[in-house]
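Here the structure comes first, spelled out in structure tokens, and everything after it is commentary.
The values are calculated or read from the model by the stated rules, or taken from the named source; none is laboratory data. None of these values were measured; they are calculated from a predicted model. Note that each Cβ is placed from the backbone with ideal geometry, even for glycine, and that neighbours are counted across all protein chains shown.
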């Protein structure tokens, strides 16, 4: 699973067939496609390429349209992106859920869990919504977001629900970029023995990401400065274009 995560992070468009071939050829593992596909499903990852549907059919009643195409994102708390990723440790793994403000790139909140149970996602969202409320929250069509509890929570909070469009592989690109940076800068470089060590690293990394590290996409300011209202010289709004 650690190897699958590394391969997927480096080449997110490769599906389970290609990853199986790489595992057999480069790592001499005796593994079949069925097992790789099951592991990827258990890890909550999928190849980023146009496909008919990103969710299982029995979740179809909870799927919501993608609301961000051609939308000018021009202020904090206009759009939040939410997503989950697999985080490896020296022994075992955990799952990281983050909430990111798309305008400022500010990490609003996050939560770690040892399982993919939806409760850790709901508790994190409730905590964040008690402090700030976005106009729109965007996610993929995974089963953590295509369920009655998630839909009810956001609707009761008066938040519009957006989900990545069918056949659109980069609708959640801002969130994916954060995961990629985190993994290459911390997860693949160091070994974390316990959840406590992992949480300590995440606290420090996200604090640096939010308050110290400049971002070229927001005129070299920090997400904290932009999210909490510093005036920028020039507009940093942008348009979410089809497939971008």
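How about region 70-115: which of its residues are under 21 Å from residue 10 (Cβ atoms) and in contact with a strand residue (DSSP E or B) (Cβ under 8 Å, 6 or more places away or on another chain)?
Across region 70-115, the qualifying residues are 83, 84, 85, 86, 87, 93, 94, 95, 96, 98.
Quick one: which of 45, 98 is surrounded by 17 or more Cβ atoms within 10 Å (Cβ to Cβ), within 15 Å of the chain's Cα centre (by Cα) and at pLDDT 95 or above?
98 is the lone residue from the list that is surrounded by 17 or more Cβ atoms within 10 Å (Cβ to Cβ), within 15 Å of the chain's Cα centre (by Cα) and at pLDDT 95 or above.
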So is residue 115 within 22 Å of residue 59 (Cβ to Cβ), within 12 Å of the chain's Cα centre (by Cα) and at pLDDT below 95 or not?
-> no
Checking residue 17 against (1) exposed (fewer than 15 other Cβ atoms within 10 Å of the Cβ); (2) assigned by TED's automatic domain parsing to the domain that holds residue 183; (3) in contact with a helix residue (DSSP H, G or I) (Cβ under 7 Å, 6 or more places away or on another chain), the condition it does not meet | (2)
Report the residue count in region 193-231 for those that are outside any helix (DSSP H, G or I), touching a strand residue (DSSP E or B) at 6+ places or on another chain (Cβ under 8 Å) and touching a residue at least 40 places away in the same chain (Cβ under 8 Å).
-> 1
